[in-house]
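> Would you mind keeping the following structure in view while I ask a few things?
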Amino acid sequence: MKIMVCPLNGPRNISEFIYGGEVKAHPDRGSDAEWADYVFFEENAAGVVREWWYHAPTAYWFIAERNTVTEEIIRTYDAKELFKERVDFAPPPERGDG
Amino acid sequence: MAVAPTDFRRRSPVYRELEALGAEFAEVNGSAAAISCGREVAAETEQARTLGLCDLSALRRGGFKGWRTSEWLREEGVEVDDESNRAYPQTDGSLIARLSPGEVLILGDLSGASAILEKLMAAWNMAAGEGTYPVPRADTNCCFGVTGRFAGAMFAKLCGVDLRPEKFANRLVAQTSIARLNGIVIRADLGETLSYTLLTDSASASYMWGCLIDAADEFAGAPVGLDALRKLAER
Amino acid sequence: MSGAYRLPGPAGLLIDRETPVDFRFEGVRYAAFAGDTVASALAAHGVRTLSRSFKYHRPRGILSMAGHDANTLVTAGYMVNARAEKVVVSAGLEVRAQNYVGSLERDWAALLGRLGRFLPVGFYYKAFYSPKFLWPYWERLIRNLAGLGRVDLETPQGYFDKEYLFHDLIVVGGGPAGLSAALRAAKAGAEVVLVDENPVLGGSLNYARFGAEEGRAAKMREKLVAEVEAQANIRVMTSTFCQGWFIDNWFPLVRGNRLYKLRTKGAVVATGSYEQAIVFRNNDLPGVMFGSAAQRLIKLYGVKPGERAVVATAADDGYGVALDLLEAGVEVACVVDLRADPPETERTRALTHRHVPILVNATIREAVPGPQGKNVSGARIAKITEEGRSTAETDRFNCDLIAMVGGYHPQMSLLTQAGGRARYDPEGAIFRVDDLPESVVAAGSVNGSFALDAVIEEGSVAGWKAAKAIGLEAGRKPIEKADRKAPAPDYPWPIFPHPGGKDFVDFDEDLEVKDVLNAIAEGYEHIELQKRFSTLGMGPSQGRHSHLPAARLNARGRGALLDEAAITTLRWPISQIKIGHLAGRIFEPVRTTAIHHRHIERGAKMMVAGPWLRPEYYGPPATRTENIRKEVLNVRNNVGVIDVSTLGGLEVQGPDAAEFMNRMYTFAYLKQPIGRSRYVMMTDLGGVVADDGVTARFHKDHYYVTATTSGADAVYQTMLWYNAQWRLKVNVINVTASHAALNIAGPKSREVLAKVCGDIDLSKEAYPYMDVREGHIADIPARLLRIGFVGELGYEIHVPSGEGEALWDALFEAGAEFGIMPFGIEAQRLLRLEKGHIIISQDTDGLTTPQEADMTWAIAKKKPFYVGRQSVDIQAAKPLKRKLIGFELANEKEPAPLECHLTVRGEEIVGRVTSIGHSPTLGKTIGLAYVAPDQAEPGQLFEIKIEKGRIVKGRVVKLPFYDPDGARQEL
């Protein structure tokens, strides 16, 4: 079984973690096409990817950089490193049908 | 004076299992705690030195969580070191485990008291405590003691983290999966006796109790009452 | 007597001559010693046939005496397909042979052997598939003939469990290489676990003969084992099988009924090698066995393997076997050496000295069966003319034992699983593994080393390397002096096809040389295709003895060089594993509420709901419908209580709590008054309805939110994920297990509550519908939510779970005079159906939009953002595809549809029935279903396809079915 190093709890069996998808920027007021891309498409790259992982026993979300070719986990770190600021949303543009 | 679990509104999630063992109960914090599990204290103390399982659900416990938890504790005069997954003994006999930079768990002593927790709960309100919020550990979690020299070996049957005493020092904390349940294991030796405190989902208390009994069987482990642990703590 | 073939002591390392044990084989009683296996005990009595082969039902006996092959599969007690070579006898053990028709001695199905030419390779695929309608017949016949053991369905359940192990280093294999590796690594400070499948350490030192003089191996063994045992940081696990290597050095070990899950930092693999057969006609007869099998019988069990032997060898080790046989009192008729010019060694000299005829550049062309085609009675020896060919002219030697030493094949599964690559080395005529990760080191014969001194040195180096790889200060590299190559076997082609066939390559599947060649001729050239078409290597011995000859035949069959010989992927489990090891004591947590035992006491039928057990209904299953009906009517007319502790509970607190709620849920929460509750609905990023519940605002900065029973954990996780990105000043705590919750509902619920509640004014005026309060019920601190899922006056009472049982008791005591009754999930489903309330994941699915579920009333359209908003907006702008409606049956007399029956329009599927039931309150069948948007007006009829394709009609009814003005919940 794979080991992942949780930034809070140290090395743990991968069965303690839940995968949370690729780290993607949440589009604010983007086009519908950009939105669909955000919701439905993953890069699925062969190489180093940046992903959300969740340590279930501590309910802790963090970020892992992982090489999908070599199965090597390069680095794991707290989400604060990437998400530093409070995020707010502007109201969406008017649509024909509310 | 002997009491029954149903004399109280507040009940341990495994009180039926303890009753079936012929346990003797006494009041702790407004509920009945098993002070023995049907044997003499001396015998149960010996048992607890090899491998004892003890329901600690009646003891005081609580916690605080939020981005200002450390600051607030400091303001209230409670210093907890920064390192997570360690437990820090307090002068009142409580143990404060830091679960993360923003969360602590407070365990009272074997008498059932925790002056620190009482004080903090009395001081806390939504306004004063902005950024830290009480975690209802007394009801979220059941709490079991696993004591004695085989305790580490027994945990190896339930848990993928190496909790053997030579690898998991006193006062270390592991938040992990135990018998496929999320839980917190704190090593808190009683005197010379190896001892772990296990907190897990109170709704799965019967399941976990059964897993512990099953895993302990091979080491002749057995349930013991609170008095046996108090004896160990005395030395 | 423990058998006519039993040798006098001290021979027999594993048996205890002081402890006799009786067991039965095929109904006959046999005397044995403690420590004997079924195979050794039977061999001591001269019983040669232990089973019948898979395809041709040929008699089979001991081949490896190591449990490596499938020749001795028996049923021992309840255990089917047990290896007789590994099953230790116990008093009264009943052992039966397998896979015969009639009796083991006279197996009628053995006639199949004569039909061999009608059963070509791949015959399953070819012979029986046309005409197609006959296949089920053939399949049954083949399965009956070909099945191995028969499982006794009365087998008592065994206790199997699991344990985690943690060590720095695993050394797999307790032979000379493993012992010295473990010692060296331990001396460098590593915590080592030394694992061996046999009951004692020593490996080949226990039975093989190194050099000419007897006793050298035993002395070496004693020395190494004593040192290992004195080393405190080596844990020895014997009778333990390492079943595989998994990423980050994770090993499943099997011992007894326990599966150990071992984590290490590194490994030394010293698993040794499998001895190989020589391929000649009738090489499968009982009495034909590996040289090492004969040695194991003698040394481990004190059993004489025969009276007169022919030893056929492709290596110097055959001479050691011959010497051992002589010393055990077996006459050696001759040694047949395949090699044209074998070097003279101390062992060849010792044999010459004892006047044993040595025939070089010769092979056994054919083993001669004895009476009834069973035990071997002689060997026909021929000169080798060219590679793989011999003269038709032969000399016959009478014998009852053929010991063959055909070479070795490394036990390299762990190495290739760890990422190593197996390559055929034509020079050594053996497979070797390279490209290993740094933390995995090979030593001994698995690494192609055979000379004892070299093996021990290599073990030491491996221990040193592994210790270094895991970061220990390992000191200087041990010196290697011995000649690693010394007597290494290197014979490339011990395969002698016979025109008459029965020259077996794979004993498990009865595959002969021509089967392999035919598979290649038919185009299954790739080694993996060859395996699947011919089934070679797919039997219980997993190619241990067939991979090497098959690889050689494959290379030659393709016209390729032997360098290009390849083997198929070696997967875990490496050896036999019981289902119990995999399935035994899987932890399955069960969540029960604080009131669980009260439900049981009241006769509840419990059901699984997500991770929880919940009451489905109360009362005997025989009167299920009536029980539920009574529960429903009691809520409508009196007062009922349901345990809703399983609902998720989340505390959302902080200055941004309102903003956070507003983002997570579709409704508006910024202006939700303190002391009021509000419905919550969550959509996911795709705009699909994901969860719902209720939120109560107790403070401007504090919302208490419920989630569905099965959705609670996911909602919590989702909230934390968003806030890891948004960084709002809000804190979320999952308090699902800390609250017991009861919903008391019915026109008399207020009267019941009033009896046990002193500090909350329950009057209609003071405490209106949808308000929330904090106070005490029966002196228990409680949160009260006046909400109405079931559509009656009702209150959800949330209390600390430790006091849940006391709350239940208090309510029932207070409610007795009002006819209070518990109700279960089924009654609740009907009650809410009457009110037209949906249940997420029952009335919605993975694609349901708020528009389809008619839930747009729960969306605040003016706010800037909520999760999934853009998707919801996109969908809202498109034409609706389906709509959830309430319906009744057009004709009550027709059979009622079931949940998930399809709603159709002609051939087109338009939706499905999501909920249906007979309403006790309304006296008719009502339901919810998805229909096409143009069918959704009240009064319209639509079609439902029920069982057997029958169509019944539903009529759309405006929701709710019951109390449309909501007067009852506002009482």
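> Which strands (runs of 3 or more DSSP E) sit wholly inside segment B:67-131 and have at least 1 residues that are touching a helix residue (DSSP H, G or I) at 6+ places or on another chain (Cβ under 8 Å), among the hydroxyl-bearing types (Ser, Thr, Tyr) and buried (at least 16 other Cβ atoms within 10 Å of the Cβ)?
So the answer is B:95-100.
> Same structure, new question: Given the structure, is C:Val47 under 30 Å from the mean Cα position of the chain (by Cα) and not hydroxyl-bearing (Ser, Thr, Tyr)?
Taking the combined requirement at face value, the residue does not satisfy it.
> From the set of residues in segment C:834-890 that are among the β-branched types (Val, Ile, Thr), within 29 Å of C:Lys953 (Cα to Cα) and more than 44 Å from the chain's Cα centre (by Cα), which is farthest from the other protein chains (Cβ to nearest Cβ)?
Result: C:Ile885.
> Are any residues in segment B:179-197 within 14 Å of chain C (Cβ to nearest Cβ) and either assigned to a strand (DSSP E or B) or surrounded by 21 or more Cβ atoms within 10 Å (Cβ to Cβ) (or both), and if so, which ones?
The answer is B:Ala179, B:Leu181, B:Asn182, B:Gly183, B:Ile184, B:Val185.
> Assuming C:Asp337 fulfils every condition listed in (1) in contact (Cβ under 8 Å) with a residue 12 or more places away in the chain; (2) acidic (Asp, Glu); (3) open to solvent by 50 Å² or more (accessible area, probe 1.4 Å); (4) more than 30 Å from C:Glu105 (Cβ to Cβ) apart from one, which condition is it?
So the condition that C:Asp337 fails would be (3).
> How many residues are open to solvent by 50 Å² or more (accessible area, probe 1.4 Å) and over 45 Å from the mean Cα position of the chain (by Cα) if we restrict to segment C:944-971?
Here the count works out to 10.
> Can you list the strands (runs of 3 or more DSSP E) found entirely within segment B:1-61 that contain at least 2 residues being acidic (Asp, Glu)?
Because the criterion is at least 2 residues that are acidic (Asp, Glu), the strands (runs of 3 or more DSSP E) in segment B:1-61 that meet it are B:24-28.
> Right, another one. Which pairs have Cβ atoms under 7 Å, sit 6 or more apart or on different chains, and link a residue in segment B:207-225 that is within 14 Å of chain C (Cβ to nearest Cβ) to one that is in a helix (DSSP H, G or I) and buried (at least 20 other Cβ atoms within 10 Å of the Cβ)?
Pairs that qualify, where the first residue is within 14 Å of chain C (Cβ to nearest Cβ) and the partner is in a helix (DSSP H, G or I) and buried (at least 20 other Cβ atoms within 10 Å of the Cβ), are B:Ala215/B:Met154; B:Ala216/B:Leu51; B:Ala216/B:Met154; B:Phe219/B:Leu51; B:Phe219/B:Met154.
> Still on this structure, I have one more. Since B:Tyr88 meets every condition but one in (1) aromatic (Phe, Trp, Tyr); (2) farther than 27 Å from B:Glu44 by Cβ; (3) at the interface with chain C (Cβ under 10 Å from one of its Cβ atoms), which condition does it not meet?
(3)
> So, of the residues in segment C:554-602 that are aliphatic (A, V, I, L, M) and assigned to a helix (DSSP H, G or I), which turns out to be farthest from C:Ile825 (Cα to Cα)?
Out of the qualifying residues, it is C:Leu562.
> Additional query: Six or more apart or on different chains, Cβ atoms under 7 Å: show the pairs whose first residue is in segment C:875-896 and over 20 Å from C:Pro938 (Cβ atoms) and whose second is modelled with pLDDT under 95 and in a loop (DSSP other than H, G, I, E, B).
C:Ala876/A:Asp97; C:Ala877/A:Arg95; C:Ala877/A:Gly96; C:Ala877/A:Asp97
> Within segment C:603-621, which residues are part of a strand (DSSP E or B) and within 19 Å of B:Tyr207 (Cα to Cα)?
Those that are part of a strand (DSSP E or B) and within 19 Å of B:Tyr207 (Cα to Cα): C:Met606, C:Met607, C:Val608, C:Ala609, C:Trp612, C:Leu613, C:Arg614, C:Pro615.
> Within the set of pairs 6+ apart or on separate chains, which have a first residue in segment C:40-64 that is at positive phi, a second that is hydroxyl-bearing (Ser, Thr, Tyr) and at pLDDT 95 or above, and C-beta atoms under 8 Å apart?
Qualifying pairs under 8 Å: C:Gly46/C:Tyr5.
> Let me ask something additional. Any idea how many residues of segment C:385-417 are open to solvent by less than 50 Å² (accessible area, probe 1.4 Å) and either closer than 26 Å to C:Arg58 by Cβ or of a type in the set (Phe, Trp, Tyr) (or both)?
Count: 15.
> Could you please let me know if C:Val254 is among the β-branched types (Val, Ile, Thr), in contact with a Phe, Trp or Tyr (Cβ under 9 Å, 6 or more places away or on another chain) and either surrounded by fewer than 22 Cβ atoms within 10 Å (Cβ to Cβ) or more than 25 Å from C:Gly189 (Cα to Cα) (or both)?
yes
> Of all residues in segment C:148-203 being surrounded by fewer than 24 Cβ atoms within 10 Å (Cβ to Cβ) and hydroxyl-bearing (Ser, Thr, Tyr), which is farthest from B:Val161 (Cα to Cα)?
Per the criteria, the residue is C:Thr155.
> Being among the polar types (S, T, N, Q), open to solvent by less than 10 Å² (accessible area, probe 1.4 Å) and in contact with a helix residue (DSSP H, G or I) (Cβ under 8 Å, 6 or more places away or on another chain) narrows it down to one residue among C:Thr313, C:Thr348, C:Thr363; which is it? So that I can check it myself, show each step before the final result.
On the way: C:Thr348 fails: open to solvent by less than 10 Å² (accessible area, probe 1.4 Å); C:Thr363 fails: in contact with a helix residue (DSSP H, G or I) (Cβ under 8 Å, 6 or more places away or on another chain).
Going through C:Thr313, C:Thr348, C:Thr363 in turn, the sole match is C:Thr313.
> Can you tell me which residue among C:Phe667, C:Phe660 is under 25 Å from C:Thr736 (Cβ atoms) and open to solvent by 10 Å² or more (accessible area, probe 1.4 Å)? Full working, then the answer.
Working: C:Phe660 fails: open to solvent by 10 Å² or more (accessible area, probe 1.4 Å).
None of the other options fit; the residue is C:Phe667.
> Do we find a residue being open to solvent by 30 Å² or more (accessible area, probe 1.4 Å), outside any loop (DSSP other than H, G, I, E, B) and in contact with a Leu (Cβ under 9 Å, 6 or more places away or on another chain) anywhere in segment B:161-168?
No, that holds for no residue.
> Can you tell me which residues in segment C:824-852 are under 16 Å from C:Arg912 (Cβ atoms), open to solvent by less than 30 Å² (accessible area, probe 1.4 Å) and among the acidic types (Asp, Glu)?
C:Asp843, C:Glu852, listed by residue number.
The values are calculated or read from the model by the stated rules, or taken from the named source; none is laboratory data. From a predicted model like this one, the values you see are computed outputs, not experimental measurements. Note: ideal-geometry Cβ built from the backbone for every residue, glycine included; neighbour counts use all protein chains shown. To get the accessible areas, we keep the full protein, side chains included, count just its heavy atoms, and leave off ligands, DNA and RNA. Shrake-Rupley method; radii C 1.70, N 1.55, O 1.52, S 1.80 Å.
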